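Readers should treat all values here as calculations from the given coordinates under stated rules, not as data from a laboratory. Computed from a prediction, not measured in an experiment: that's the story for all the values here. No Cβ is skipped: glycine too gets one built from the backbone with ideal geometry, and neighbour counts run over all protein chains shown.
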């Protein structure tokens, strides 16, 4: 990995040190160029005309997305964010009254409130699978919970509040063995962990472009396994995903784009495609290794600071480093760090309420270095924090 070239191609390098890839990472110049070029074309010739002129490039975004996750292009829907993608799959799945939804303790708030809504409306049951001794979802407990009334397994692969990596592949094996649909939230995994939907065994996978993929805000995608395209119907359709073929009839598209609507931010879509291509040119395995190394440096340095407690769980950990400061105000410390030239963030208990209440977590600080960062930047951030506590 040519770090110096990558840093030259990252316009944000040279400003504040950005250590929040789990929020919204710095975009590389090719991503910025793809967005700006499309916007400028729209300004010159009009939005419809720019779309038509760039149709081949925009269509290739489906190929780039599919390649990155080991899917087929007709299994990909491009959407405006990960939550919309996740909800499209979740609300489309038919579940009988009394069906159980199995999820994990580190489930993301946006997903869980959607489960609560369907549970209230349709008489469903939400069952939280306990964690193992390391803090990850307990596969043994998941297997023990399986039964004929399980309608869905829905878990977050990497939670928003820490470096835990749940055993997504193991969950897939159990889901397949029991013939239960499996919806995987890969929002924090995409761009820092290799994704292969065949290996994962998931039926649906959702993710965003803005985090570790280094794409623009307002982009996301949904993977729908081919077998589901024969039966699944979105909870909401328009005439792009379901053309009006007769006065009393519509026909769903044959591909996953049935979950899309007609209007899209095509400049952002071009940027998302560029982000996939940029990551794949570097190599996701190299990215994953470097991110884990930098996160390890951060955890080691933080462990040495009196009053700081690293809160990450799991036998396997990723690039999100969560920690708390004894007697410190997380929001105030984040602002102080920004003044010192280091961009980090926070995660409140409401984002992952079950895990936060189980562990009695305060508002935590988050640091998420990416491959464009250096070890010196990570150490510098910890030293700056040490001077504040």
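Quick one: Cα convex hull volume of the range 131-234, Å³ per residue? Expressed per residue, the convex hull around the Cα atoms of the range 131-234 is 115 Å³.
As a length-normalised measure over Cα pairs under 8 Å and 6 or more apart, the relative contact order of the range 216-356 settles at 13 percent. You can think of it this way: the chain between residue 133 and residue 230 has 30.9 nm of extra reach, that is 0.36 nm per residue less the Cα-Cα gap.
The packing ranking of peptides 116-128, 320-332, highest mean first, is 320-332, 116-128, where packing means the average number of other beta carbon atoms within 10 angstrom of each residue. Taking every alpha-carbon pair under 8 Å whose residues sit at least 6 apart, the range 47-155 reaches a relative contact order of 25 percent. Name the shape class, rounded, prolate or oblate, that the alpha-carbon gyration tensor gives for the range 4-103, where a ≥ b ≥ c are the square roots of its eigenvalues, rounded holds for a/c under 1.5, and otherwise prolate holds if a/b is larger than b/c and oblate otherwise. Oblate, since a/c reaches 1.5 and b/c is not below a/b. Computed over the range 1-67, relative contact order equals 20 percent, with contacts defined as Cα pairs under 8 Å that lie 6+ residues apart.
What the pair-distance distribution of the range 245-364 shows, using all Cα-Cα distances binned every 5 Å from zero, is 2, 8, 11, 14, 13, 12, 12, 10, 6, 4, 3, 2, 1, 0, 0 percent. The overall shape of the chain, judged from the alpha-carbon gyration tensor, is oblate: a/c is not under 1.5, and a/b is no greater than b/c. Largest mean-square fluctuation among 165, 61, 113, in a Gaussian network model of the chain whose springs join Cα atoms under 10 Å apart, belongs to 113. Binning the alpha carbon pair distances of the range 47-125 at 10 angstrom intervals from zero yields the distribution 15, 34, 27, 17, 8, 0, expressed in whole percent. Taking each residue as 0.36 nm, the span from residue 2 to residue 281 lengthens on full extension beyond its C-alpha to C-alpha distance by 99.3 nm. With a ≥ b ≥ c the root eigenvalues of the C-alpha gyration tensor of the range 254-295, is it rounded (a/c under 1.5), prolate (a/b larger than b/c) or oblate? Prolate, since a/c reaches 1.5 and a/b exceeds b/c. Taking every pair of alpha-carbon atoms in the range 44-185, give the share separated by more than 20 Å as a whole percent. Value for the range 44-185 (Cα pairs over 20 Å): 55 percent.
Size descriptors for the range 169-282, from the alpha-carbon set: Rg then Dmax equal 16.0, 50 Å.
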